[in-house]
Structures are given as C-alpha cells and as structure tokens.
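Got a structure for you, written out below as structure tokens; questions coming shortly.
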Number of protein chains: 4
Amino acid sequence: MVSDRENLAGSRFNCSVSERACFEAGIKMATIYHQFVGTPFCDRNVSDLERTIENCIRVQPYVLDAKVKIRRPDLDKEDQYSYTSLTGDMIDATVRISLDGTEVTAEMRYDAELRYPLMFISNIKKS
Amino acid sequence: MVSDRENLAGSRFNCSVSERACFEAGIKMATIYHQFVGTPFCDRNVSDLERTIENCIRVQPYVLDAKVKIRRPDLDKEDQYSYTSLTGDMIDATVRISLDGTEVTAEMRYDAELRYPLMFISNIKKS
Amino acid sequence: MVSDRENLAGSRFNCSVSERACFEAGIKMATIYHQFVGTPFCDRNVSDLERTIENCIRVQPYVLDAKVKIRRPDLDKEDQYSYTSLTGDMIDATVRISLDGTEVTAEMRYDAELRYPLMFISNIKKS
Amino acid sequence: MVSDRENLAGSRFNCSVSERACFEAGIKMATIYHQFVGTPFCDRNVSDLERTIENCIRVQPYVLDAKVKIRRPDLDKEDQYSYTSLTGDMIDATVRISLDGTEVTAEMRYDAELRYPLMFISNIKKS
C-alpha cells in the first residue's frame with residue numbers, strides 16, 4: 001500500500017526508481033556518519049549505541065534493514081577519561097533500501113587501500 | 001581512588017571544585033543537545049534513544065547519573081514519512097556531576113515563559 | 001584526469017554511473033542536514049553560516065556546486081537569548097554532482113504539502 | 001542593561017555567579033565539539049570554518065569572545081578524496097564568558113600528556 005503522502009513525495013522526483021533508491025541509500029549513509037560521529041562511548045555501551053543507530057536509520061523512509069558495527073580499541077572504563085568518541089573510520093554499516101520493487105544495498109567502512117571511510121553501493125536488485 | 005590521569009587533568013584547572021563541577025555539567029548538557037539534535041525517531045524507538053543518550057552521557061567524566069525524557073508528538077510509523085527529528089525543545093534532561101565530594105545537578109528543558117530550551121543549575125551540594 | 005584513488009574507489013561500486021551519482025547526491029544532502037542542524041545562529045551570522053555549509057559540501061567528492069539558503073524568522077540579537085538553532089525545516093539547498101559526464105541536481109526544502117523537509121532529485125543530465 | 005528575559009533565566013539558577021559562568025563556559029566548549037566534529041574540510045576552507053565556529057559560539061548567551069584554531073595535516077584538494085573530517089583532537093579553542101561582572105576563560109585542546117582533548121577553565125576574574 002502506497003500512501004497519498006508517499007505518492008506526493010514520489011511526484012517530486014525526476015529520475016528512475018533505482019536512481020531514487022540509490023539517492024535514499026546515500027541519505028541514510030551520511031545520516032549515520034554526520035549524526036553520530038562525536039558520540040562518547042566505551043565498551044559497556046558500544047552495543048547499545050550500535051543498536052540505537054540501526055533503529056534510528058530504520059525509521060527513515062524506505063529502509064528495509066540497517067546493520068551497524070563499531071570497530072574500536074578496547075575501552076574499559078578504568079578512569080574518568082577512559083572512553084572515546086565515535087569517528088567515521090570506526091563505522092562498518094550496511095543499509096538496505098526497498099522502493100517500488102527495487103532493492104539497493106549500500107555499505108560504509110574504512111577502506112585501508114583508499115585510506116578513506118568509503119560509502120558505496122554493493123548491490124542493486126530490480127524486480 | 002583518583003588516577004594519575006585524573007590528577008593531571010585536575011592540575012590544568014584554575015578554579016574551585018564547585019566551579020569545575022559546574023563546568024563539567026555544562027559540557028554534558030551541550031553534549032546532549034548538539035550531539036543528538038537532528039536524530040530521526042518515532043514512537044517505536046524513542047525509549048531506546050532516551051536510554052542511549054543517557055548511557056553516552058554516563059561515560060563522560062564525573063557523571064553520577066543522567067536522565068533524558070523526549071517530549072514529542074505521538075508518532076506512529078503510519079507511512080514512510082511519519083517520523084520526526086529530535087529538536088532541542090523536545091529534550092527534558094537532568095545530569096548529576098560528582099567531583100571531589102561536590103555534587104552538581106543540572107537540568108535542561110523547554111521553558112515556556114522564556115520560550116527557550118534553558119539549561120540551568122538546580123542544585124549544588126558541597127560535602 | 002581521474003586519479004588512481006578515484007579509479008580504486010569507483011571499482012568498489014556495483015551500479016551504473018547515474019545511480020552512483022544519485023547516491024553521492026544523497027550523501028551530500030544528509031551531510032547538510034545531520035552535520036549542521038542544531039547550529040546556533042542569528043541575523044548577523046546567518047549568511048556566514050550559509051557560505052560555510054556550501055564550502056564544506058564542495059570539498060566532498062564529485063560536488064560541482066552547492067547552494068544553501070536558511071529560511072528563518074528575523075532574529076536580531078536583542079538580548080542574550082535572542083538567537084535560534086538551525087532546524088531541517090529552515091534549510092533550502094541545491095547540490096549538483098558531476099561524475100563521469102553525468103550531472104545530478106538534488107534539492108532539499110520544506111514541502112508544505114508533505115509537511116516534511118523533502119530531499120529529492122530534480123534533474124539528471126547524461127552526456 | 002539586563003533584559004526581563006535575562007532576569008527570568010537567572011532566576012532559574014541556584015548557584016553563585018561564578019559557578020553559573022563556568023556552567024555557561026562548559027556549554028560553549030561542548031557546542032564547539034559536538035556540533036562541528038565530523039564537518040568535511042580541506043586547506044581551502046579551513047579558515048572559513050574556524051571563523052564560522054567562532055561566530056556561532058558568539059551568538060550564544062554571555063559569550064564575550066571565541067577563538068578557534070584547527071590543527072590539521074596539510075590537505076590540498078588533489079583528488080576527490082583528499083579532504084578530512086573535523087575530529088576533537090584537531091580543535092584548539094578559547095572562549096571567554098562575561099556574566100554580572102565575572103569573566104571566565106575556558107580552553108580546549110589536545111593534551112598530549114593526558115592523550116585527551118581536554119576542556120578546562122584557565123582563568124576566572126571576579127570584579
């Protein structure tokens with residue numbers, strides 16, 4: 001079921017379904033990065049932070065699934081200053097978008113060869 | 001037990017214990033606001049988001065406790081566009097700082113009379 | 001001229017040029033939103049903030065141009081509390097992506113009919 | 001001249017003037033950090049970003065002055081991927097708060113001995 005609001009939103013776009021699905025995937029990737037980079041965490045709340053990022057992405061339009069893994073140094077809370085802040089290089093994420101029968105999978109992770117936290121499209125499945 | 005690193009950090013400050021505890025409280029208040037404003041959420045993940053903000057604040061230095069309540073319109077996920085983004089006016093937070101026997105309680109909430117999401121110190125207890 | 005690093009990055013993608021350009025456009029849109037929502041400003045620094053957001057987006061990959069206009073209430077700095085924080089609904093942005101001869105134009109603005117700050121693709125030009 | 005709104009805001013606080021000024025200083029420090037960490041920049045827009053952060057902090061309540069210096073690797077824009085994102089360790093900031101005749105100076109910079117981007121109060125001048 002497509003709501004009236006979804007039809008109205010769709011009418012604003014001037015591109016194909018798969019191009020729009022890729023645009024939506026890009027939005028989600030940069031939301032993960034630019035909303036959450038800087039967040040304080042340590043070992044005891046890192047899983048909680050991963051789940052919350054996933055859940056926040058899942059409420060955005062056309063998200064079928066979101067997986068986030070934070071790759072970080074061990075950070076036991078030993079004294080008041082033993083914790084860290086999330087950086088882009090620590091994020092390993094996969095988001096799947098589903099729009100009008102097209103599924104796009106986008107991924108983000110630090111690419112050692114590029115020395116860059118690359119966001120890319122790994123798969124498009126058109127029905 | 002105060003660690004060497006905590007002593008070293010303390011040596012950088014040029015003020016009283018209660019002034020430093022108030023400074024630490026201000027840091028935590030603005031972390032809640034400026035890290036998380038903009039986060040997408042709806043009814044089904046709002047409690048999860050509240051808990052995660054609390055847990056992220058608790059890993060910062062000298063936090064005894066943190067409570068966050070998000071005041072928002074009802075937001076059932078009815079279609080792809082029915083969710084919202086966190087704004088400062090929705091945040092109701094209380095953070096308690098404990099430093100060298102001094103406890104500071106800071107609060108943030110939308111103040112209708114001021115028309116402003118005020119952060120303020122509601123209590124200081126010196127031992 | 002395409003650098004080795006750009007070729008390497010390109011090899012990670014599994015989609016068409018225009019789909020990748022749309023993905024890049026989505027990244028830039030959400031960077032504007034999730035990086036800058038919450039920023040304090042008033043009349044005297046709003047133009048400065050608009051230019052800085054544009055310049056930050058222009059350093060990201062494949063951006064040909066970026067235009068940002070902040071639609072806000074008049075905010076003279078009359079007392080200490082007379083300023084505001086950027087919200088998504090205030091942002092009016094256009095970003096153009098250029099990748100391998102394809103140009104994508106994406107826009108974001110508050111859509112009164114949708115009651116939502118919609119990000120959308122308004123034009124794709126394939127060479 | 002103290003406005004009615006400033007008097008009203010002041011009435012919410014339950015602490016001394018200097019404790020409140022330190023609280024305000026802490027808010028500004030964490031605003032710099034948590035609002036702007038993650039922002040994309042390179043050599044050609046770094047000064048512009050520094051000025052904009054200063055100007056955004058200056059519109060917040062009770063700020064007398066703000067200075068921001070970003071310590072970063074040289075980042076000529078040589079290819080599409082040659083830029084960086086602001087991290088806390090790059091920020092060197094000084095903010096001066098003035099409230100009811102009390103001036104508080106707070107600083108933030110990466111402390112090599114602590115291995116931590118410390119925010120601290122370096123001076124309080126009571127009139």
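The values are calculated or read from the model by the stated rules, or taken from the named source; none is laboratory data. Predicted model, so just to flag it, every value in this text is computed and none were measured. Every residue, glycine among them, receives a Cβ derived from its backbone with ideal geometry; neighbour counts consider all protein chains shown. Ligands, DNA and RNA are excluded from the accessible area calculation, which covers all protein heavy atoms including side chains. Shrake-Rupley method; radii C 1.70, N 1.55, O 1.52, S 1.80 Å.
Working only within segment D:74-104, note down all residues that are among the charged types (D, E, K, R), assigned to a loop (DSSP other than H, G, I, E, B) and under 20 Å from residue C:80 (Cβ atoms).
D:100
May I ask you to say which residue of C:98, C:122, C:127 is small (Gly, Ala, Ser), surrounded by fewer than 19 Cβ atoms within 10 Å (Cβ to Cβ) and more than 18 Å from the chain's Cα centre (by Cα)?
C:127
Here is a further query. Residue check: is residue C:122 touching a Ser or Thr at 6+ places or on another chain (Cβ under 7 Å), at negative phi and at the interface with another protein chain (Cβ under 9 Å from one of its Cβ atoms)? Spell out the reasoning first.
Working: touching a Ser or Thr at 6+ places or on another chain (Cβ under 7 Å): yes; at negative phi: yes; at the interface with another protein chain (Cβ under 9 Å from one of its Cβ atoms): yes.
Yes.
If you don't mind, another one. Applying the selection to segment D:34-43, what residues are at the interface with another protein chain (Cβ under 7 Å from one of its Cβ atoms) and either within 21 Å of residue A:40 (Cα to Cα) or part of a helix (DSSP H, G or I) (or both)? I'd like the intermediate steps shown before the answer.
Within segment D:34-43, the subset at the interface with another protein chain (Cβ under 7 Å from one of its Cβ atoms) is D:34-35, D:37-42.
Passing the criteria: D:34, D:35, D:37, D:38, D:39, D:40.
Something else: Just for segment A:12-33: of the residues that are more than 7 Å from chain C (Cβ to nearest Cβ) and part of a helix (DSSP H, G or I), which one is nearest to residue A:59 (Cα to Cα)?
A:28
Taking interchain pairs and intrachain pairs at least six residues apart, which have beta carbon atoms under 6 angstrom, with the first residue in segment A:1-13 and at negative phi and the second small (Gly, Ala, Ser)?
Once the first residue is at negative phi and sits in segment A:1-13, no partner that is small (Gly, Ala, Ser) comes close enough.
Here is a follow-up. Sort through B:26, B:10 and tell me the only one that's surrounded by fewer than 24 Cβ atoms within 10 Å (Cβ to Cβ) and either closer than 24 Å to residue D:17 by Cα or among the acidic types (Asp, Glu) (or both). Don't jump to the end; show me each part of the working.
Working: B:26 fails: surrounded by fewer than 24 Cβ atoms within 10 Å (Cβ to Cβ).
It is B:10.
OK, next. Residue check: is residue B:79 touching a helix residue (DSSP H, G or I) at 6+ places or on another chain (Cβ under 8 Å) and open to solvent by 40 Å² or more (accessible area, probe 1.4 Å)?
The answer is no for residue B:79.
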